[in-house]
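Step one of this worksheet: look at the structure below.
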Amino acid sequence: MSNYHEPAGELPQEARNFSRALNSLKEEIEAVDWYHQRVVTTDDPDLAAIMAHNRDEEIEHACMTLEWLRRNMPGWDEELRNWLFKEGDIMGAHGENHDDHDHGAQAPKTDSLGIGKLKK
């Protein structure tokens, strides 16, 4: 089964590489979750240490893939620079950097259509 939503033959190699990276990232994140669940549920300290090591390796793999996406796929560099390694309220930073993105937030009641000024 293909991960492509469009015909693979119509996708340029660059798009196929993006898909490979994105699918790998999803798989690494999923593996982090699975290993972490095993760490916190086992009663064997040696097994927990092994599973924690495996989890941490999957985090490393996810980070390497994320860095590849940052360097190669449009949008990632800007968004990662906007969001990562910041202090304070995460959503507070959202309002400062991305006023044009709503993401389900309730808009204040107003008579405006919210499209801004039509003339300068």
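The values are calculated or read from the model by the stated rules, or taken from the named source; none is laboratory data. The structure displayed is predicted, hence computed values, not measured ones. Methodologically, a virtual Cβ is constructed for each residue, glycine included, from the backbone with ideal geometry; neighbour enumeration extends over all protein chains shown. Side chains included, ligands, DNA and RNA excluded: accessible areas come from the protein's heavy atoms. Shrake-Rupley method; radii C 1.70, N 1.55, O 1.52, S 1.80 Å.
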If I ask for residues that are open to solvent by 100 Å² or more (accessible area, probe 1.4 Å), over 17 Å from G75 (Cβ atoms) and charged (D, E, K, R), which ones from segment 1-19 would you list? E6, E10
Reported set for segment 72-82 where residues are closer than 19 Å to L22 by Cα and either surrounded by 12 or more Cβ atoms within 10 Å (Cβ to Cβ) or small (G, A, S) (or both) is N72, M73, G75, W76, D77, E79, L80, R81
For segment 43-91, which positions are under 24 Å from Q13 (Cα atoms), touching a residue at least 24 places away in the same chain (Cβ under 8 Å) and in a helix (DSSP H, G or I)? H61, A62, T65, L66, W68, L69, N72
What do you reckon, is H94 surrounded by 12 or more Cβ atoms within 10 Å (Cβ to Cβ), at pLDDT below 90 and either more than 27 Å from Y35 (Cα to Cα) or of a type outside the set (S, T, Y) (or both)? yes
